[in-house]
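Shown below is the structure under consideration.
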Amino acid sequence: MSALPELTLTEAQSVAESIIGRCSWRGAEAYIQCPGIKHHTNANSGTDCKVVCERIGNLAPGIYCFHGSCETEVAAASRALRSALGKRSSSKPQLRGNTPVVIRAKAPKFNPAKLAQIAAKLPGIDATWFAARSPKQPDNRTPASFLHNLYQPGENVVVFDVFESQGQALWTHRGVPFDARELDCFTTGKTHGVWFLANPVTGQYLPNDNGHSSRRSWQNVTCWRYLVIESDSANPAHWLAALAQLPIPIAAIYTSGGKSIHALVRIDAESKEHWNEQAEQLKPALITLGADRKAISAVRLTRLPGCERVEKGKVQTLLYLNGNPDETPICELTVNAPFAGQWEEAGQ
Ligand SMILES: [Zn+2]
């Protein structure tokens, strides 16, 4: 192979920048705008595409994009990068001839065996187990007292009993004291159950991306606090055991009244773009464990606990509530004293 000397990291970085422009490097890699971004057919995030300027493990130098529709541009940019780096950057023969080598970042997939393996570390956990570790007692919450724990005074939350609608109620956090019965009209008799929009909104109708008047679009969101994860495919017991071990700030866990269990993860993003970046970082691990890929979106309806879902003959049930979560996994939280909180009024 080549007798030329290896490039230093700084040299490799500057060669890469001569192809794709200035980057903010983390070692040999940097997130970049995809050279084929105009062909993307799904929403973009800042972590979709990266450049690698020297070999990292078995990742060869090149451009890697999560999207598939930009393949031609990504391949061309990769080829240009490798050609500029020359054969000097690696003594391995993977850069033979002119054959473009495009390795797209693999989309993560649900791995039930991996989930089962993680779940096995925490067998037999159930509603009682979560209640014992829940900073707020879950079984005496009304829908309004649930929301009161998760939002700030003045914030508005849209509540729905028709999924494809603009919402049947706008609940406003009124500080204290408040009426914990405010949303009790939703607790019974709703055929398909009840939802709320996970992030707070202005409460006004604004034009959305399609030019329609909406109060449930990204234009309405006032704070990018939460990300919803749910799984339709995971074994529910395994999914719960995994949620209990995840080192992410989980604010609430509740059932859908069907087979799914939702978790509200607090990410406190500063903007929609920041929300997308954080979501992209969490996605591979969460999707591997069974989180529904499509459900991880910035403007998301999720089940409101304490409400009946008549079609299933079940109640959407709160299992865990922590208005101020950190990254401590739930399984490492202190177990509440027996019956602690039993005298706590639902409205506090
Ligand atoms: Zn791309």
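Every number in this text was worked out from the coordinates using simple rules, so none of it is lab data. None of these values were measured; they are calculated from a predicted model. Note that we place each Cβ from the backbone using ideal geometry, even for glycine, and neighbour counts take in every protein chain shown.
Considering just Cα atoms, how many Å³ per residue does the convex hull of the chain enclose?
Convex hull volume per residue, Cα atoms: 160 Å³.
Can you give me the Cα centroid spacing of segment 128-172 and segment 249-291 in angstrom?
17
Beyond 27 Å between alpha-carbons counts as too far, so tell me which of LYS114/LYS312; LYS114/LYS294; LYS259/LYS294; LYS38/LYS272 fall in that bin.
Details: LYS114/LYS312 30 Å; LYS114/LYS294 20 Å; LYS259/LYS294 17 Å; LYS38/LYS272 20 Å.
Violating the 27 Å limit, Cα to Cα: LYS114/LYS312.
Given labels modelled 7 Å from the Cα in the Cβ direction, how far is it in nm from ARG293 to LYS314?
Rounded to a tenth, the inter-label distance reads 2.5 nm.
In addition: If each DSSP helix of 4+ residues adds -39,500 (n - 2.57) and the sum is divided by the residues in the chain, what number results at 222 nm, nearest 500 deg cm²/dmol?
Here the helix-only value at 222 nm equals -6500 deg cm²/dmol.
By residue number, which cysteines of the chain lack any other Cys whose Cβ falls under 4.7 Å from their Cβ?
So, CYS23, CYS53, CYS70, CYS185, CYS223, CYS307, CYS331.
Please report the spacing between the Cα centers of segment 175-193 and segment 5-25 in Å, no decimals.
58
In addition: What does the net charge come to around SER14 if you take all other residues with beta carbon closer than 13 Å to its beta carbon, with K and R at +1 and D and E at -1?
Combined, the nearby Lys, Arg, Asp and Glu give -2.
Students often forget the sequence filter, so: which aspartates and glutamates lie under 14 Å Cα-Cα from LYS190 once same-chain residues fewer than 8 apart are removed?
Partners found: ASP161, GLU308, GLU311.
Where the convex hull is taken over the Cα atoms of segment 190-262, what is its projected area averaged over directions, in nm²? Write out the running numbers ahead of the final one.
Working: hull surface 26.2 nm².
Reported value for the Cα convex hull: 6.6 nm².
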